[in-house]
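This report refers to the structure that appears directly beneath it.
The values are calculated or read from the model by the stated rules, or taken from the named source; none is laboratory data. Being a predicted model, the structure only gives us computed values, none of them experimental. Note that each Cβ is placed from the backbone with ideal geometry, even for glycine, and that neighbours are counted across all protein chains shown. In case anyone asks, the SASA skips ligands and DNA or RNA and just uses the protein heavy atoms, side chains included. Shrake-Rupley method; radii C 1.70, N 1.55, O 1.52, S 1.80 Å.
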Amino acid sequence: VQLQASGGGLVQAGGSLRLSCVASGRTLSRYALGWFRQAPGKEREFVATINWSDSRIYYADSVKGRFTISRDNAKNTGYLQMYTLKPEDTAVYYCAVDLLGLGSKQYTFYNYWGQGTKVTVSS
């Protein structure tokens, strides 16, 4: 699977962005999709995941109620809609695929990763 993440950029606090993750090589709907982020000097952290059947969705507490993970199977694309952005959301965001389809908060369970898209939230 090849993943291409996009949609990052510079936004003011309180603003919104939608990240996209286009998959090629495999059908995304068969697998779990996850979003992680890594801020400068910090470890990669879990943001959101959706399992293969879309029946289980998990969010990090820090983004719950502000971010929404989804996918469009027809486009083989996953999304992370981000609202009410805060400066602490500034990071490089990565999408990833878990071939087991379960969806995990642990990045070690993910088999394929996109290249990352940078999000900068100014105060």
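Here are some notes:
- Any hit, region 36-58, residues being of a type outside the set (A, V, I, L, M, F, W, C) and farther than 19 Å from residue 105 by Cα: yes
- Only listed residue being surrounded by fewer than 19 Cβ atoms within 10 Å (Cβ to Cβ), under 20 Å from residue 105 (Cβ atoms) and of a type in the set (Ser, Thr, Tyr), chosen from 29, 62, 24: 62
- Condition met for residue 54 (modelled with pLDDT of 95 or more and part of a loop (DSSP other than H, G, I, E, B)): no
- Residue count for region 65-91 satisfying the condition of being among the hydrophobic types (A, V, I, L, M, F, W, C) and open to solvent by 10 Å² or more (accessible area, probe 1.4 Å): 1.
- Taking the criterion of being surrounded by 17 or more Cβ atoms within 10 Å (Cβ to Cβ) and of a type in the set (Ser, Thr, Tyr), the residues of region 105-123 that qualify are 107, 110, 117.
- Residue within region 53-74 that is in contact with a strand residue (DSSP E or B) (Cβ under 9 Å, 6 or more places away or on another chain) and either closer than 16 Å to residue 115 by Cα or touching a residue at least 60 places away in the same chain (Cβ under 8 Å) (or both) present: no
- Within region 92-104, restricting attention to residues that are open to solvent by 10 Å² or more (accessible area, probe 1.4 Å) and at pLDDT 95 or above, the residue that is farthest from the chain's Cα centre (by Cα) is 92.
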